[in-house]
Structure formats: C-alpha cells, structure tokens
Amino acid sequence: MASLPSTPAGFEELVEFALRGKTPEEVLNFRPSPEQQERMRDLIAKEQMGTLTPTEKAMLDTAEQLEHLVVLMKMKAASRLG
C-alpha cells in the first residue's frame, strides 16, 4: 500500500478503516451537511474578525484536521478508481 503524503501518524490507518465498506464514488461524493458548512463559515469569519473564543478556536482546529483527513480519504479513493 502506498503511503499518503505528509500524513500524521495514525491518519493512514484511520483512512483505511473509514474506507472499508465504502465505494470510491461514495467517498468522493461526501460533503459536509449544509449546517456544518455554515458553522465553519461562521467560525472562519469570527477568526478573521478576531472574535473567536478559545472553545471556538479548538472547534475550528479540529474541523481543519477532519477536513485534512477527508482530503486524504478522497485521494486514496481516487487512486482506487485508477
């Protein structure tokens, strides 16, 4: 199995686990819910305005890590399509 570029320890294993039982197409078509997208837009706007609370900063940091994980999953799924 080819390693994913610049992945923190354990991410590749998690990607493989998350992909089990999913078709590459299902992974590539995944999108966050409209509510989640709106929440992230709000947090990013608050960060740009300098009004983000420490709790919101932690939420945004976690969301960014999850987004990175989803990108890795989509890269792996795309490679399986050939």
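All of the numbers you see were taken from the coordinates with simple rules; none came from a lab. Because the structure is predicted, anything quoted here is derived from the model rather than measured. For neighbour counting, all protein chains shown are included, and Cβ atoms are generated from backbone atoms with ideal geometry for every residue, glycine included.
Listing for the model above:
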quantity: Gain in span if fully extended, GLN36 to LEU19, counting 0.36 nm per residue against the direct Cα distance; calculated: 4.0 nm
quantity: Relative contact order %, the chain, counting alpha carbon pairs below 8 Å whose residues are six or more apart; calculated: 49 percent
quantity: Packing rank of 12-22, 45-55, where each peptide gets the mean count of other beta carbons within 10 Å, highest leading; calculated: 12-22, 45-55
quantity: Under 13 Å, Cβ to Cβ, from SER79 - net charge with Lys/Arg +1 and Asp/Glu -1; calculated: +1
quantity: Phi to ³J(HN,Hα) by Karplus 6.51 cos²θ - 1.76 cosθ + 1.60 over segment 37-49, Hz, x for Gly, Pro; calculated: 4, 5, 4, 5, 4, 4, 5, 5, 4, 5, 5, 5, 7
quantity: Residues listed by number, segment 39-73, amide nitrogen under 14 Å from LEU28 label point at 7 Å toward C-beta; calculated: 73
